[in-house]
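Enquirer: Take this structure first; my questions come after.
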Amino acid sequence: MYYLNKTFAMPLYLQLYHALKNDIERIIQPGTKLPSIRQMAQEQCISKNGVEQAYKQLELEGYIESRPKSGYFVVSNIKKLIVDADKKFDFVVSEPLCTTIEYDFSPTQLTHDSFPLKTWKRLTSKAFNLIDGLGKYTDGLGEYTLREEIASYLRHSRNVQCNASNVIVCSGFTDGMNLIAGLLGNDFSKIGIEQPGYQVTQEIFTHHHFNIVPIALTHQGLCLESLKNSGVRLVYITPTHQYPTGVSMPISHRFALLEWAKNVNGIIIEDDYDSELRYYSRPIPSLQGLDHYENVIYIGTFSKALSPALRISYIVLPARYITRYKTLKLSRYPHVSLPLQKTLELFIADGHWVRHLKKIKIVNKKKHHTLKEILKNDFEPFFEILSDGGGLAIVIQPKSSLNIQLLKELAYDAKIKLYFMRDLYGHELESIRLGFGGLTEDKIIEGMKRLKAICCQAKHGSHQFIM
């Protein structure tokens, strides 16, 4: 339900139009059916004529389409339309939507100055001087010397059992998961995925014609009983720092999960996406490192601690799958440019990666501590902390006294960007992933002061925001 303010000068139908348009651009999936005009009018306490005006405007602009005797639907190619519109009409900004975000609490970003730009530029120049092969395609698994560096790092940091021969260099998470899905398509027809879990994984395996089986979570991560009852033999999990809840799977559950995989001749895809960023303790050793039967495919990334813009990730495959992988067409060509691979190789080999990790952990641990202390001291009436201690965000749960929809709108008015789980998983998950990695410590303090002001208003139902 949207919050439409009858005291605003803007007509109610325009408020509804802007609210729907904003959600279509950010949240609502292509092909989704909108509530009927009658239903929307009842929910929003607005006339049917007003709803019809809002829908007609959205239809005119190409956001939704009317289907005879079926209703209104978000158009199937909306994402492309939005991208194209941004390119063509980014100079046209409606006054009600003219909001520049000042405090983006993104759970996935790092600050610009966290990237070791000077070192990277120098190593890039050095890498080009070392390259002897710009006139041909290189190894489809990735440069062997880079894979040696990644394997060495994983053995020492995460106890992963690997060497260069079973490491594959990929262009980001999506590329890696597409390779895995293509590799496993002949052996498995369905996959278990944590619920709630990373929706990109679900989309990728759905695209590869797998049946998706949701597996419930407990306070210790994936529910083993639910997994055993599901009938799947392939499962995707984030055991070290579950996405999006942040819980960690204890060692006893890890051994039990490995025993399950052995008994059903199954495969576990272990996504270890931000294991480097732990602030209170070392992460539990990887599942792959505890596995003696080669039933774990391990995937990791340089996005969370180095840069998401580089788009470099890696897969560690069991030996029996490497031969099969080499038969795929996708294995014939490198997935990451040679200069980028060589630069990363030098970055790791010369010790810069380890030094960078130490620095980034210190910086983000301090920001994590600052945010956590503010939450504990100033936000007790509004939120409870569900998960902290790792990654780039603290997961918080709004208390029942807060009007969540009003909080979203007040935050937008206040130029604050919050990341509500309900936008991805529906109203059964009201948690917020409150990120700190992309903000300076001063910005965190300023942004939280502003957030506290609007929380007071959301608790009492007021929509007037005072800067």
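The values are calculated or read from the model by the stated rules, or taken from the named source; none is laboratory data. Note that the coordinates shown come from a computational prediction; the quantities given were computed from them, not determined experimentally. A quick note on method: Cβ atoms are made from the backbone with ideal geometry, for glycine too, and the neighbour counts reach across all protein chains shown. Remember, those area values only see protein heavy atoms, side chains included, never the ligands or the DNA or RNA. Shrake-Rupley method; radii C 1.70, N 1.55, O 1.52, S 1.80 Å.
Enquirer: So, V160, is that one crowded, with 22+ Cβ neighbours inside 10 Å and in contact with an Asp or Glu (Cβ under 8 Å, 6 or more places away or on another chain) or not?
Expert: Taking the combined requirement at face value, the residue does not satisfy it.
Enquirer: Just give me the residues in the stretch 386-401 being crowded, with 19+ Cβ neighbours inside 10 Å and farther than 21 Å from R278 by Cα, in sequence order. Spell out how you get there, then give the answer.
Expert: Of the stretch 386-401, the ones crowded, with 19+ Cβ neighbours inside 10 Å are 387-388, 390-396, 398.
Passing the criteria: only P398.
Enquirer: So, one more: Only one of these is of a type outside the set (K, R) and open to solvent by less than 10 Å² (accessible area, probe 1.4 Å): I404, I416. Name it.
Expert: None of the other options fit; the residue is I416.
Enquirer: While we're looking at this one, here's another question. For the stretch 106-158, give me each residue that is assigned to a loop (DSSP other than H, G, I, E, B) and acidic (D, E).
Expert: Result: D132, D139, E143.
Condition check ((1) assigned to a loop (DSSP other than H, G, I, E, B); (2) open to solvent by 20 Å² or more (accessible area, probe 1.4 Å); (3) touching a residue at least 24 places away in the same chain (Cβ under 8 Å); (4) not acidic (D, E)) across all residues:
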position	(1), (2), (3), (4)
V169	no, no, yes, yes
G197	yes, no, yes, yes
E203	no, yes, no, no
V232	yes, no, yes, yes
Y236	no, no, yes, yes
P239	yes, no, yes, yes
Q242	yes, no, yes, yes
M249	yes, no, yes, yes
E259	no, yes, no, no
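Enquirer: Determine whether the stretch 157-168 contains at least one residue that is of a type outside the set (V, I, T) and farther than 23 Å from V354 by Cβ.
Expert: Within the stretch 157-168 (the criterion being of a type outside the set (V, I, T) and farther than 23 Å from V354 by Cβ), the answer is yes, since at least one residue qualifies.
Enquirer: While we're here: Go over the candidates G176, G140 one by one and state the one that is in contact with a Lys or Arg (Cβ under 8 Å, 6 or more places away or on another chain) and closer than 17 Å to Y321 by Cα.
Expert: Checking each option against the conditions leaves just G140.
Enquirer: OK, next. Mind listing whichever residues of the stretch 423-437 are in contact with a strand residue (DSSP E or B) (Cβ under 6 Å, 6 or more places away or on another chain) and closer than 14 Å to L110 by Cβ?
Expert: Answer for the stretch 423-437, where residues must be in contact with a strand residue (DSSP E or B) (Cβ under 6 Å, 6 or more places away or on another chain) and closer than 14 Å to L110 by Cβ: just G435.
Enquirer: Of all the residues that make up the stretch 288-299, how many are out of contact with any helix residue (DSSP H, G or I) (no Cβ under 7 Å at 6 or more places or on another chain) and crowded, with 16+ Cβ neighbours inside 10 Å? Break it down into steps so the answer makes sense when it comes.
Expert: Applying the first criterion (out of contact with any helix residue (DSSP H, G or I) (no Cβ under 7 Å at 6 or more places or on another chain)) to the stretch 288-299 yields 288, 292.
With crowded, with 16+ Cβ neighbours inside 10 Å added as a condition, the list becomes 288.
Total meeting the criteria: 1.
Enquirer: Quick one: in the stretch 261-287, which of the residues that are open to solvent by 20 Å² or more (accessible area, probe 1.4 Å) and polar (S, T, N, Q) is nearest to I168 (Cα to Cα)?
Expert: Only one residue fits best here, namely N265.
Enquirer: Another question, if that's okay. Whether any residue in the stretch 94-104 is more than 30 Å from the chain's Cα centre (by Cα), at pLDDT 90 or above, surrounded by fewer than 17 Cβ atoms within 10 Å (Cβ to Cβ) and in a helix (DSSP H, G or I) is what I want to check.
Expert: There is no residue in the stretch 94-104 that is more than 30 Å from the chain's Cα centre (by Cα), at pLDDT 90 or above, surrounded by fewer than 17 Cβ atoms within 10 Å (Cβ to Cβ) and in a helix (DSSP H, G or I).
Enquirer: Report the residue count in the stretch 305-334 for those that are of a type in the set (K, R), outside any loop (DSSP other than H, G, I, E, B) and either loosely packed, with under 14 Cβ neighbours inside 10 Å or out of contact with any Leu (no Cβ under 7 Å at 6 or more places or on another chain) (or both).
Expert: Kept after step one, since they are of a type in the set (K, R), are these residues of the stretch 305-334: 311, 320, 324, 326, 329, 332.
When the remaining residues are screened for being outside any loop (DSSP other than H, G, I, E, B), the result is 320, 324, 329.
Keeping just the survivors that are either loosely packed, with under 14 Cβ neighbours inside 10 Å or out of contact with any Leu (no Cβ under 7 Å at 6 or more places or on another chain) (or both) gives 320, 329.
Qualifying residue count for the region: 2.
Enquirer: Right, another one. Do we have H368 as part of a helix (DSSP H, G or I), surrounded by 16 or more Cβ atoms within 10 Å (Cβ to Cβ) and in contact with a Gly (Cβ under 8 Å, 6 or more places away or on another chain) here?
Expert: When the stated conditions are applied, H368 passes them.
Enquirer: Given the options L375, L418, L434, name the one that is among the aliphatic types (A, V, I, L, M) and more than 24 Å from P196 (Cα to Cα).
Expert: L375
Enquirer: On to the next question. Could you tell me how many of the residues in the stretch 49-58 are within 18 Å of P30 (Cα to Cα) and either at pLDDT 85 or above or not in a helix (DSSP H, G or I) (or both)?
Expert: Going through the stretch 49-58, the residues within 18 Å of P30 (Cα to Cα) turn out to be 55-58.
If we keep only those that are either at pLDDT 85 or above or not in a helix (DSSP H, G or I) (or both) too, we end up with 55-56, 58.
Looking only at that region, the number is 3.
Enquirer: Restricting attention to the stretch 335-363, which residues are farther than 29 Å from Y279 by Cβ and part of a helix (DSSP H, G or I)? It would help to see each step written out before you state the result.
Expert: Residues of the stretch 335-363 that are farther than 29 Å from Y279 by Cβ, as a first pass: 335-342.
Selection gives L338, P339, L340, Q341, K342.
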